[in-house]
Amino acid sequence: MHCIVTGAAGFIGSHLVDSLLAAGHSVLGIDDLSTGRRKNLAAASSNPSFHFLEKDIRHLSLDDIPATSCDWFFHLAGRADLVPSIVNPEDYFQVNIEGTFRALQLSRSLGVKRFLYAASSTCYGIPDTYPTPECAPCKPEHPYALTKLMGEELVLHWHRVYQLPAVSLRLFNVYGPRSRTTGAYGAVFGVFLRQKLAGVPFTVVGDGSQTRDFTFVTDVASAFLAAATSSVSGEPLNVGSGHTYAVNQLVDLLGGEKTFIPRRPGEPDCTFADTSKIQALTGWQPLRSPRPRSRPHARCHRRLARRAPLERTIHRTSHRRLVQTPRPLVMKNPDLNTILVTGGAGYVGSVLVPLLLDAGYNVRVLDLFLYGKQVFDEIPASHRERLALIEGDLRDTSLLKQSLPGTDAVIHLACISNDPSFELDPALGRSINFDAFMPLVDIAKDSGVQRFIYASSSSVYGVKEEQNVTEDLPREPLTDYSRFKAMCEDELEKRRSPGFTTLTLRPATVCGWSPRLRLDLSVNILTNHAVNKGVITVFGGAQLRPNFHVRDCAELYVKCLGLPAAQIDGKVFNAGYQNLSLDTIADKVRSIVGPHVKITHTPTDDNRSYHISSEKILRELDYSPRFTIEDAIRELVSAFAAGKIPDSFTNPLYFNIKRMQELHLA
């Protein structure tokens, strides 16, 4: 048979391609690679019966199809995941509904003999019946579920009106090799794998007793083939294992700590497929799914009968690559559409920008890109049209006047960062950190910017004897870097006015993995030395340092965009988590890297000891960090093990001072 598979480079699509080729069929695989990966098709690409077309399904035409006819059309292309569909429903409607319409029209023109559609069990919403049959009411709870159901309605309507031989397969939770572990929100299996690889606790929604119907991916591929070779048409069919597993059981299989987070509205206690219909009509049944030890019943509380398929998948996948921990749901502020981030390609910015895009904002990045633009390589193609990279100098007022009109909010991160970098060339530091600040704020205000968020520093307090350094204590900066940060705070407050909301955040010392990694920050420095030299040298040791995970820092900026203006206008907040001595940080690094790591001490003249209180931001903004220093250490260790940080002592891209010297900026 001549087959077309849309979404061919995706998790399920690539396995379907392999199965079709193994059965002797020829396949045209179509994918725009927005989420699919070419390497998923590595085996298929060497098969002369396989051809690949990189194309968005919405723009596919007959002229793009090399064959004049098609026997089987498998439509798997589409946007997945529940939470992003809430943030950006328009994209989901365009791809999942308009894309399906395009596929159906092409199928009619090609005279296909079978049309197979990948629907979703999320159409059932919170079911009333377990196991859930196809006749159960459809009550979608999210835009994703709605768009997949509307796609199914199109497919079944084309069957009734145009006699298109079509079947809709409602897929339950799928797991297996090539499972997508990038992106913010995936199925629970992919989310847990991301957290396993990053070495962070599993985030279990609710109490973890909710159950899911997991089906191995090759079983799903065989269900598509069974439906294609059957005579059934115009019917929806459930595809699941017919058994369920508690989320806590999956965590136990993976092994590790877990934290519990509140449940999101609309999530069912259970997904549990009644597969009797597909078995009766096509003869299909899963081969890799565990069998129950007791007679099936309608209640959704079952024991895990056999662990092998899940365990094998976990073992194969858990060591493959470094991934990011899923991001929390952040709703876009409907009054703000375009955000300009100065220094958006930096250590914090390269984590922040993808978060903003995920939330549905248009993003402009103003940066010199001294550390390269490759920090944005992992941003999905579907987001890139909303990202504008503006290469230029913050001190160029003409560039600011071109870039700021049409911007709703500014997040100002750009600066010569930290004391040593500033002291390398104080005149350069002042020109960027202070002299450029007032023109930026003034032009932003004149351009109609509604909100200005300034990244100050917790170092503005200097050294304090108080146990809790709160925002109302006097600022006593010890260095020019800190002094100019404090002066910018004052200048911003002077310019605050109705319609121009200002907010100052004083982050602690940031740590952890970022696409633009810095290895000149305390936690990251100690981890680098522990992993690659086996020795940590602590200068002093008793000095306190407040710490803040880079992902927490980025998520805070996004949260502040979404808050009501009155809640943040003119406010100043400390933002940190753990105030720890350098000795304590070194001990934590050794406990994670291994007991072989030696800790040595060297006297130092720098006895500055910073510590801050973050009680105000918790009380007024209901904000608390999600990650710890241990999380930062573990993900850096994983990155080193995966070869993500080559030349960690010599590459100037990891060190602000070395890079400035290399480019003769100082």
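The values are calculated or read from the model by the stated rules, or taken from the named source; none is laboratory data. Model, not experiment: these values are computed from the prediction. Don't worry about glycine lacking a Cβ; one is built from the backbone with ideal geometry, like all the others, and counts go over all protein chains shown. Please note that ligands, DNA and RNA were not included when accessible areas were found on the heavy atoms of the full protein model with its side chains. Shrake-Rupley method; radii C 1.70, N 1.55, O 1.52, S 1.80 Å.
Per-structure values
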{"read-out": "Cβ pairs under 6 Å, 6+ apart, first in the stretch 137-159 and touching a residue at least 60 places away in the same chain (Cβ under 8 Å) and within 14 Å of GLY125 (Cβ to Cβ), second assigned to a loop (DSSP other than H, G, I, E, B) and open to solvent by 30 Å² or more (accessible area, probe 1.4 Å)", "value": "HIS142/LEU82; TYR144/LEU82"}
{"read-out": "Residue in the stretch 608-617 that is at pLDDT 90 or above, in contact with a helix residue (DSSP H, G or I) (Cβ under 7 Å, 6 or more places away or on another chain) and not in a loop (DSSP other than H, G, I, E, B) present", "value": "no"}
{"read-out": "Scan of the stretch 487-513 for residues that are in contact with a helix residue (DSSP H, G or I) (Cβ under 7 Å, 6 or more places away or on another chain) and surrounded by fewer than 20 Cβ atoms within 10 Å (Cβ to Cβ), ordered by number", "value": "MET487, GLU491, ARG495, PHE500, THR509"}
{"read-out": "Total residues in the stretch 370-390, condition buried (at least 19 other Cβ atoms within 10 Å of the Cβ) and touching a strand residue (DSSP E or B) at 6+ places or on another chain (Cβ under 8 Å)", "value": "1"}
{"read-out": "Residue in the stretch 170-192 that is farther than 19 Å from ASP252 by Cα, open to solvent by less than 40 Å² (accessible area, probe 1.4 Å) and in a strand (DSSP E or B) present", "value": "yes"}
{"read-out": "Number of the exception - GLN567 against (1) in a helix (DSSP H, G or I); (2) crowded, with 22+ Cβ neighbours inside 10 Å; (3) of a type outside the set (A, V, I, L, M, F, W, C); (4) modelled with pLDDT of 95 or more", "value": "(2)"}
{"read-out": "Residue that is farthest from CYS560 (Cα to Cα) [pool: residues in the stretch 438-451 that are crowded, with 22+ Cβ neighbours inside 10 Å and not β-branched (Val, Ile, Thr)]", "value": "LEU440"}
{"read-out": "Residue list for the stretch 46-92, filter: hydroxyl-bearing (Ser, Thr, Tyr) and either touching a residue at least 60 places away in the same chain (Cβ under 8 Å) or more than 18 Å from SER382 (Cβ to Cβ) (or both)", "value": "SER46, SER49, SER61, THR68, SER69, SER85"}
{"read-out": "Residues satisfying the stated conditions in the stretch 426-444, i.e. touching a residue at least 12 places away in the same chain (Cβ under 8 Å) and more than 32 Å from the chain's Cα centre (by Cα)", "value": "PRO426, LEU428, GLY429, ARG430, SER431, PHE434, ASP435, ALA436, MET438, PRO439, ASP442, ILE443"}
{"read-out": "The stretch 10-52: number of residues that are out of contact with any Phe, Trp or Tyr (no Cβ under 9 Å at 6 or more places or on another chain), surrounded by 19 or more Cβ atoms within 10 Å (Cβ to Cβ) and among the small types (Gly, Ala, Ser)", "value": "2"}
{"read-out": "Tally of residues being touching a helix residue (DSSP H, G or I) at 6+ places or on another chain (Cβ under 8 Å), closer than 12 Å to ASN528 by Cβ and in a helix (DSSP H, G or I) across the stretch 633-656", "value": "4"}
{"read-out": "Evaluation of LEU580 against (1) assigned to a strand (DSSP E or B); (2) at pLDDT 95 or above (one fails), failing number", "value": "(2)"}
{"read-out": "Any hit, the stretch 72-94, residues being surrounded by fewer than 16 Cβ atoms within 10 Å (Cβ to Cβ) and either more than 21 Å from ARG386 (Cα to Cα) or hydrophobic (A, V, I, L, M, F, W, C) (or both)", "value": "no"}
{"read-out": "Whichever residue in the stretch 531-546 is part of a strand (DSSP E or B) and not aromatic (Phe, Trp, Tyr) and, among such residues, is nearest to the chain's Cα centre (by Cα)", "value": "PRO546"}
{"read-out": "In the stretch 281-300, the residues that are modelled with pLDDT of 50 or more and surrounded by 11 or more Cβ atoms within 10 Å (Cβ to Cβ)", "value": "LEU281, THR282, TRP284, GLN285, PRO286, ARG288"}
{"read-out": "Residue satisfying all of: in the stretch 320-350; open to solvent by 10 Å² or more (accessible area, probe 1.4 Å) and at pLDDT 95 or above; farthest from ILE416 (Cα to Cα) among these", "value": "ASN337"}
{"read-out": "The stretch 593-632, subset touching a strand residue (DSSP E or B) at 6+ places or on another chain (Cβ under 8 Å) and of a type in the set (A, V, I, L, M, F, W, C), residue most open to solvent (accessible area, probe 1.4 Å)", "value": "ILE599"}
{"read-out": "Test result for ARG102, within 26 Å of LEU149 (Cβ to Cβ) and not in a helix (DSSP H, G or I)", "value": "no"}
{"read-out": "Odd one out for PHE484 among (1) touching a residue at least 40 places away in the same chain (Cβ under 8 Å); (2) more than 26 Å from ASP606 (Cα to Cα)", "value": "(2)"}
{"read-out": "Hits in the stretch 128-169 - residues which are closer than 16 Å to ALA273 by Cα and surrounded by 22 or more Cβ atoms within 10 Å (Cβ to Cβ)", "value": "TYR130, PRO131, THR132, SER168, LEU169"}
{"read-out": "Close pairs (8 angstrom Cβ cut-off, 6 or more residues apart or separate chains): over 15 Å from GLY240 (Cα atoms) in the stretch 111-127, assigned to a strand (DSSP E or B) and of a type in the set (Gly, Ala, Ser) anywhere", "value": "ARG114/ALA166; PHE115/ALA166; LEU116/ALA166; TYR117/ALA166; TYR117/SER168"}
{"read-out": "Complete set of residues in the stretch 396-413 that are under 18 Å from SER456 (Cα atoms) and open to solvent by 20 Å² or more (accessible area, probe 1.4 Å)", "value": "LEU413"}
{"read-out": "Unique residue being part of a helix (DSSP H, G or I) and closer than 24 Å to SER624 by Cα when the list is SER459, SER398", "value": "SER459"}
